[in-house]
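The values are calculated or read from the model by the stated rules, or taken from the named source; none is laboratory data. What you see is a predicted model, and the numbers here were worked out from it, not measured in a lab. Note: ideal-geometry Cβ built from the backbone for every residue, glycine included; neighbour counts use all protein chains shown. Just the protein is used for accessible areas: all its heavy atoms, side chains included, with ligands, DNA and RNA removed. Shrake-Rupley method; radii C 1.70, N 1.55, O 1.52, S 1.80 Å.
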Amino acid sequence: MNMNFNFNNPTNLYFGTGMLNELGTLPMPGKKAMVLISNGKSTKANGYLDRTLEQLQKAGVETALFDKIMENPVKEVIMEGAAFARGTNCDFIVALGGGAVIDSSAAIAAMATNEGDLWDYVFGGTGKGKPLGKKGLPIVAIATTSGTGSEMNGFGVISNLETKEKIGFGNPGLTPVLAIVDPGLMTTVPAKYTAYQGFDALFHNTEVMMSKGVNILSEAIALSAIENIAKYLPRAVKDGKDIEAREHVAYGSTMAGVTMQLTSTTAQHSMEHSMSAYHHNLPHGAGLIMISKAFAEFFIERHACDGQFIKMTRAMGLENAAKPEDFITALMKLQEECGVSGLKMSSFGFAPDEAMTLAKGARFMQGGLFAANPCEMTDEDCAGIFKKSYR
């Protein structure tokens, strides 16, 4: 077991049902907030926006609303948001939403204070990889979904439609200074998206476990998160108002934000980002689900991390697991219980002959995650996983 790790997280995390009601009593990092939400209706319709604005008013904060973030956020909207923040003289951001909104907040926070284009500062693909010259705006993150764990780190994934790229962007300095994770805000997420987001959180943790960089702390947290998600996600999917289930899944998601700081995820995420870069309508969690079985089987067949698969399987409820293949049994059972075992790549417009394009895209856009894999994976191997996953 690797005993070495570096952990530095400046986020003041308030976790638990009802925590949004504490926001107005907490010290804010500025006087005027750019309130960032999605372009959908749910945040407003469910009253979460009004409640947040009321709490910010209690804290003595002025606000300006920006409501244009979509499911897979794009560079143009990031730049528009940054110009909005500057034009309205906002000195911090309140990101109220799911992973897309909180991911976007990091990019907008950076571009509100730095010159040029977002892609000037992106590492990977066609990004120019320049370091940020100035500190970004402070961020307060209020999570309304359980999926990305973005409230605990300063990174997000942004799409460039012109170049067909979807690449991670960020900097530790963009980590939210304050995070509210209130599972009460998650009870209105539809069942399908509860499943997609829950599996995203699960795979953050399973990938950390598979990663060759896993250490004593990231493993302990990841196993705890896996156990909670596997046990409670089917309940949350079945009954969105089941607050106990929502709390446990939210815990697993937020802890993934911590494990990913301690240990990188693997190429499974690179591969999905390539999928949704080429097929922008694909929900991230759905893409991960569709390739998850073949991805795990690749390492199981090579005995790359047998012990890790057994530990994960036991955490998922198969306490007598004795071989890595048992992980596939547990994974497929969970997908069936959550109603996502029948997802097909063809339903989202994929064709079998795209496999190598997707594989090369994964390495071009986020090749660094391949280095975390427990054994080598060539472009041909990667394409083989896509082909095996295709239905």
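So the values come out like this:
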| item | result |
| --- | --- |
| Positions within the range 238-272 being of a type in the set (Gly, Ala, Ser), without any contact (Cβ under 8 Å) to a residue 60 or more places away in the chain and open to solvent by less than 10 Å² (accessible area, probe 1.4 Å), in sequence order | 245 |
| Evaluation of residue 287 against (1) of a type outside the set (Phe, Trp, Tyr); (2) under 16 Å from residue 369 (Cα atoms); (3) at pLDDT 95 or above; (4) within 14 Å of the chain's Cα centre (by Cα) (one fails), failing number | (2) |
| Residue within the range 227-250 that is of a type outside the set (Gly, Ala, Ser), closer than 27 Å to residue 74 by Cα and within 14 Å of the chain's Cα centre (by Cα) present | no |
| Enumeration of residues in the range 5-14 that are open to solvent by less than 70 Å² (accessible area, probe 1.4 Å) and in contact with a strand residue (DSSP E or B) (Cβ under 7 Å, 6 or more places away or on another chain) | 11, 13, 14 |
| Set 76, 71: member being open to solvent by 30 Å² or more (accessible area, probe 1.4 Å) and touching a Leu at 6+ places or on another chain (Cβ under 9 Å) | 76 |
| Residues (open to solvent by 20 Å² or more (accessible area, probe 1.4 Å), within 22 Å of residue 86 (Cβ to Cβ) and assigned to a helix (DSSP H, G or I)) located in the range 37-68 | 53 |
| Qualifying residues in the range 273-304 (those that are among the aromatic types (Phe, Trp, Tyr) and open to solvent by less than 20 Å² (accessible area, probe 1.4 Å)) - the one farthest from residue 322 (Cα to Cα) | 295 |
| Residue that is farthest from residue 57 (Cα to Cα) [pool: residues in the range 16-31 that are open to solvent by 70 Å² or more (accessible area, probe 1.4 Å) and in contact with a strand residue (DSSP E or B) (Cβ under 7 Å, 6 or more places away or on another chain)] | 22 |
| Where a residue in the range 169-191 is over 30 Å from residue 125 (Cα atoms) and its partner, wherever it lies, is surrounded by fewer than 24 Cβ atoms within 10 Å (Cβ to Cβ) and of a type in the set (D, E, K, R), with Cβ under 6 Å and at least six apart | 183/247; 187/241 |
| Among (1) surrounded by fewer than 24 Cβ atoms within 10 Å (Cβ to Cβ); (2) touching a Leu at 6+ places or on another chain (Cβ under 8 Å); (3) polar (S, T, N, Q), the one test that residue 104 misses | (1) |
| Only listed residue being assigned to a strand (DSSP E or B), hydroxyl-bearing (Ser, Thr, Tyr) and either over 22 Å from residue 205 (Cβ atoms) or touching a His at 6+ places or on another chain (Cβ under 8 Å) (or both), chosen from 105, 159 | 159 |
| Scan of the range 108-146 for residues that are in a loop (DSSP other than H, G, I, E, B) and small (Gly, Ala, Ser), ordered by number | 112, 116, 124, 125, 127, 129, 133, 136, 146 |
| Pair list, Cβ < 8 Å and 6+ apart or interchain, from the range 370-390 residues that are more than 20 Å from residue 303 (Cα to Cα) and open to solvent by 30 Å² or more (accessible area, probe 1.4 Å) to residues that are of a type in the set (Ser, Thr, Tyr) and in a helix (DSSP H, G or I) | 390/346 |
| Some residue of the range 155-169 being open to solvent by less than 30 Å² (accessible area, probe 1.4 Å) and among the aromatic types (Phe, Trp, Tyr) | yes |
| Options 230, 179, 201, 195; residue that is touching a strand residue (DSSP E or B) at 6+ places or on another chain (Cβ under 8 Å), surrounded by 18 or more Cβ atoms within 10 Å (Cβ to Cβ) and under 15 Å from residue 146 (Cβ atoms) | 179 |
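Condition check ((1) in contact (Cβ under 8 Å) with a residue 24 or more places away in the chain; (2) open to solvent by 20 Å² or more (accessible area, probe 1.4 Å)) across all residues:
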residue: 96; (1), (2): yes, no
residue: 100; (1), (2): yes, yes
residue: 113; (1), (2): yes, yes
residue: 116; (1), (2): no, yes
residue: 120; (1), (2): no, yes
residue: 124; (1), (2): yes, yes
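Listed here are the residues, each with its yes/no results for (1) within 26 Å of residue 279 (Cβ to Cβ); (2) under 21 Å from the mean Cα position of the chain (by Cα); (3) at pLDDT 95 or above.
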residue: 295; (1), (2), (3): yes, yes, yes
residue: 347; (1), (2), (3): yes, no, yes
residue: 354; (1), (2), (3): yes, no, yes
residue: 360; (1), (2), (3): yes, no, yes
residue: 374; (1), (2), (3): no, no, yes
residue: 384; (1), (2), (3): yes, no, yes
